[in-house]
1. Compute from the Cα atoms of segment 59-139 the Rg and the Dmax, the latter being the longest Cα-Cα distance, and quote both in angstrom.
2. How many nm separate the modelled label positions at Val253 and Met72, each set 7 Å beyond the Cα in the direction of the Cβ?
Amino acid sequence: MPVNETLATYSDWLYRSALGVYFFAMALYLVEQVFTRAPRKAEALVGAGTPVPGLVEEPKRELSRPERLGRMGAALTVLGALLHLGSLVMRGLSAGRAPWGNMYEYMSLLCLAAVVMWIVLMAKFPIRRLGGFVLMPIVILMFLGGTVLYAESAPVQPALRSYWLVIHVSVISISSGMLLIPGVASILYLLKDGRDDRLPKLPSADVLDRMAYRTTVLAFPLFTAGIILGAIWAEAAWGRFWGWDPKETVAFVSWVVFAAYLHARATAGWRGRGAAWINVAGFALNVFNLFFINLVTSGLHSYAGL
């Protein structure tokens, strides 16, 4: 099927627009984080038990300028996600296939999953001011995806012309994107170190811990399913379920680390700082598998399209 160059161009424009919108949203979140007055202890006690989610209707009161900017950042994040989704749809229509057949497209889907996860979390937790920290790695990944990793819209390699591309790659990419969020939350939790007087403008350590745990609980079954589906595809394509290919190996190690985090989070002796360190290790392995394994090593999963 010939590539529709017009739709491919629109896809690129939407991708760059989404990246620009995310960048401005990140800046607004950071302004809110920097200029919002840290709550005094007495005010924190009065407001205890009544979190103010970023996208949920708040009690009637006059918003400060930093809060208004933060809300603008949240609105821009939603706009960026819609542009981002449009970019993927256009890319898929232009090539007549699932739009995650190379490293550029895979990165794009992964980042969109992370952004959507962040929007959902903003509606559940009082964490809007963390948007700058969350969008920062997403903006970096998308910038690298649109420059260093960029690939023209084209048919995929023969080995990827399978319905498993739609199933396996989408599940593993979405779950990997979702797992970026708890990694950031655990890093911030370690910076708080269980003391709410440290970095007082950040949400409480308890909020960060619950945010990381619940997101991992949601993403881990998808990540597990992605690995299992990949093994089934490997048996159909290469005649074996598992061959310790570099990407398979690191994905399995990542799965073990995230499973260890969930176990540690449920164990009294490891809950807190110890569990957070394990989650950060999983975050590091996730990023390592995304870049180093795809771009440096050679193996059966070397389909970066570069």
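Read-outs: derived from the displayed coordinates by stated rules, not from any lab. Predicted model, so just to flag it, every value in this text is computed and none were measured. Methodologically, a virtual Cβ is constructed for each residue, glycine included, from the backbone with ideal geometry; neighbour enumeration extends over all protein chains shown.
1. Cα-based Rg and Dmax for segment 59-139 come out at 15.3, 51 Å.
2. Each label point lies 7 Å from its Cα, and together they span 4.5 nm.
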